[in-house]
Every structure is written in structure tokens, then in C-alpha cells.
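Every number here is computed from the coordinates shown, using simple stated rules; none is lab data. For clarity, every value in this text was computed on a predicted model and none was experimentally measured. Ideal geometry is used to build each Cβ from the backbone, glycine not excepted, and the neighbour counts take in all protein chains shown.
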Amino acid sequence: MKYGRKRVLVTGGAGFLGSHLCERLLAEGCDVLCADNFFTGVKDNIAHLLGNPYFELMRHDVTFPLFVEVDEIFNLACPASPIHYQRDPVQTTKTSVHGAINVLGLAKRVGAKIFQASTSEVYGDPEVHPQTEDYRGNVNPIGPRACYDEGKRCAETLFFDYWRQHALRIKVARIFNTYGPRMHPNDGRVVSNFIVQALQGQDITLYGDGSQTRSFCFVSDLIEGFIRLMNSPDDVTGPINLGNPREMTVRELAEMVVRMVGSKSQIVYRPLPADDPLQRQPNISLAKEKLGWEPKVPLEDGLEQTIAYFRKVVG
Ligand code: NAD
Ligand code: UDP
Ligand code: UDP
């Protein structure tokens, strides 16, 4: 930062995570430029920020070049829910790969520090459990999830090549399942699906037998991890896991949501989608060591806040 406020570009800033990040950056005194093509993001997520003179919204698709002057870039643009990223899989790969090339080119031109929202999906259906950053993953390169998983893997490759070749300052976070207010009611991910179904008294759709596991991180914990990673010393490039290590089966989650909502919904079984990972749990030793970070919000508290949000939106 040369003078005044730090200018920060957030791609995908109108999405679930992006909107929370924009809010946090504004609270820290940054000048925030939010770029989004509204593929899955919505203006309602950032409508409350539009009156802030240090917040600027631009409709932009990251697969096209972008010429702006900024000090830092958070690259979050990419649909994250399987039903959305599989709707136009070619566009999903383009978003990750062409998007990464464009934001990296931008970072190179202006000398900006750049953060990539990578994912636990780079580990695929993991044979190593819990997952550590040195595990190289088990991804089906031609399956229905590949547009997302391989796109994100290629984006990581590009980040590390720009780092080696052009000495860019990079920060790569591998994000594990995160939930909270502002997930879209039709997002399709498990936490929002179960809460909306429970609130509306619909059947709870459990895919497979529900024995597959996930580990759920509340959004405020994750955003704290983003900020700490971005502000860490330059030699901390990642990739670094950010997530909550509390692992549970999807069936346990369904039962917990039904209980907390006080719903009469019944659990019904649906086929397990192709290539759905059987287990997932982050090893966060590296984040603890390098960033002094670990999640603080217990699942019960985070779910309470998320249920309260959805009660207002759909209840
Ligand atoms: P989201 O779908 O709510 O947000 C993604 C945002 O990117 C949306 O606002 C969407 O409109 C925008 N977008 C999509 N394609 C774009 C394009 N071509 N150009 C510009 N904008 C585009 O999802 P989210 O949960 O907020 O995820 C944000 C990022 O974090 C994604 O990159 C996702 O892969 C990553 N991530 C999220 C999770 C999670 O559990 N939430 C886990 C791992 C990784
Ligand atoms: N790019 C961009 N904004 C910039 C600078 C570059 O969007 O401010 C794009 C540019 O269009 C190019 C990509 O980033 O397609 C990669 O840029 P780089 O300079 O690395 O490669 P080159 O331009 O040599 O292909
Ligand atoms: N899932 C489910 N019912 C739903 C939505 C998802 O049982 O209505 C399961 C899904 O099959 C997966 C887990 O919940 O095993 C997490 O799914 P999500 O789409 O949230 O994230 P991801 O699979 O990308 O981790």
C-alpha cells in the first residue's frame, strides 16, 4: 500500500463467502472492489454495503481480462455447489483456469498480493484421512465433479508457476465445507438443503445411506483464516487447509438439523451422486502453526445462527 486505504479486489464478492469477506475488509478499513457475474451470487448479499463509499460493485466475468489498480486480490469467483458447478461444466473449468490466468496477469502487472480460494476437493475421494496438504489426492479427471476439482487443481498449478516464474506473492487456501448465513436457499449444499427442508416441513433428502462424512466450518471462522493467511509473511504461500476438524456423518447432520429446527420432517433416501467423496476431514496443523488459527464456533452455535437466518428468508 503506497498511501491511503488498501485497495482490495474480491472476485466472486457477491457470493456466500465473498460477501462476508467484503464486509470484513470494509471493517478493516480497506477500499473494496467486488467483481461478480452473478452466476450464483446475488445482489441481496451485498445490498447493505452499496451505500459505503469504500465499496464498489462491478458486474464482471473473470474469464475475461480485467484492468484495475489494486494492492491485493482475493480470487473467489467460481460456483461451489455441485448442482451449480455441474450446470455448465465447461464454464466452470473456464472460470477456474482462465479466471486464474487473468487475475494472476493482473497481479503481475500491478504487483498485487493474490489469494486463491482453493478447495478440499483437490483431494478428491481421499485415501489419506484426515487430509494433510502434502497428500496429492484421488480425483477422477473425467467424472462429473472434474470440472470443479481439476479446474481448482489447475488454478493451484498456475498460482505456483506465477510464483516461481514471476515471483508473485501468492496465498493458496484449501477450504473445507463451510456454512452460515447468506448461503442461497437453492444453493444445493447439504447444510442449506437440510435447514430449508426442515423449516418447510419437507422431506430431508439424504444421499446414499448417509454414512459419508464431512467437517463443517462456520463462515466467521473461515474468514478469520483468510485474513490471517493474506497477512502472513511472504514465505507462507500455502497450500494451507482451512476448515473445522469436527467430523460427522451426513446422517448425524440431518438428525441434528431436524432436532434443532423442531421439525416433523422425515428423512428420505436418494441415490449417492457419482464420485461423492466418502470421507473428509481437514488436518489443520499447518494453519495452527503458521497462522495461529483454529475454528472457534461450535457446530451447534453456527447452526443456530444459520437456522435463524433461513427462518427470515424462507421460514
Ligand atoms: P458461491 O457460489 O456463493 O459464490 C461464488 C461467487 O462467484 C458467486 O457470487 C458467483 O456469482 C461468482 N462467480 C461464479 N463464476 C464467476 C465468473 N466467471 N466471474 C465472476 N464471478 C463468478 O460460493 P461460495 O461458497 O461463496 O464459494 C466461494 C469460493 O470458495 C469458490 O471459489 C469456492 O470454490 C470456494 N470454496 C467454497 C467452499 C464452501 O464450503 N463454501 C469450500 C471450498 C471452496
Ligand atoms: N490481464 C488482465 N489484467 C491485467 C493484466 C493482464 O486481465 O491487468 C490478463 C491478460 O489479458 C492475459 C492474462 O492476464 O490474458 C495473463 O497475463 P500475463 O501478463 O501473465 O500473460 P500474457 O499477457 O503475456 O499472456
Ligand atoms: N448431501 C445430502 N443431501 C443433500 C445435499 C447433499 O445427503 O440434500 C450429501 C452429499 O451427497 C455429500 C454431502 O452431503 O455427501 C455434502 O454435500 P455438499 O454438496 O454440501 O458438499 P460436497 O459434496 O461438495 O462436500
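Close contacts from the stretch 256-284, counting a first residue that is more than 25 Å from Arg311 (Cα to Cα) and a second that is of a type in the set (Gly, Ala, Ser) and surrounded by 18 or more Cβ atoms within 10 Å (Cβ to Cβ), with Cβ to Cβ under 7 Å and a gap of 6+ residues or different chains, come to Pro277/Gly124; Arg280/Ser120; Arg280/Ser215; Gln281/Ser215; Pro282/Ser120; Pro282/Ser215; Pro282/Gly243; Ile284/Gly243. Taking every residue in the stretch 39-52 that is part of a helix (DSSP H, G or I) and pairing it with any residue that is within 16 Å of ligand 3 (Cβ to nearest atom), at least 6 positions away or on another chain, the pairs with Cβ-Cβ distances below 9 Å are Asp44/Arg182; Asn45/Gly15; Asn45/Phe16; Asn45/Arg182; Asn45/His184. Where residues in the stretch 203-259 are crowded, with 18+ Cβ neighbours inside 10 Å, over 22 Å from the mean Cα position of the chain (by Cα) and more than 16 Å from Pro277 (Cα to Cα), which of them is nearest to ligand 2 (Cβ to nearest atom)? Only one residue tops the list, namely Ile204. Of the residues making up the stretch 167-200, those that are charged (D, E, K, R) and either in a strand (DSSP E or B) or without any contact (Cβ under 8 Å) to a residue 60 or more places away in the chain (or both) are Lys171, Arg174.
The one condition from (1) of a type outside the set (A, V, I, L, M, F, W, C); (2) within 13 Å of ligand 2 (Cβ to nearest atom); (3) within 20 Å of Val62 (Cβ to Cβ); (4) surrounded by fewer than 19 Cβ atoms within 10 Å (Cβ to Cβ) that Gln165 does not meet is (3). For the stretch 1-29, filtering for residues that are surrounded by 21 or more Cβ atoms within 10 Å (Cβ to Cβ) and part of a loop (DSSP other than H, G, I, E, B) leaves 4. Filtering the stretch 62-90 to residues that are crowded, with 19+ Cβ neighbours inside 10 Å and either in a loop (DSSP other than H, G, I, E, B) or near ligand 1 (Cβ under 9 Å from one of its atoms) (or both) leaves Val62, Leu66, Val70, Asn75, Leu76, Ala77, Cys78, Pro79, Ala80, Ser81, His84, Tyr85.
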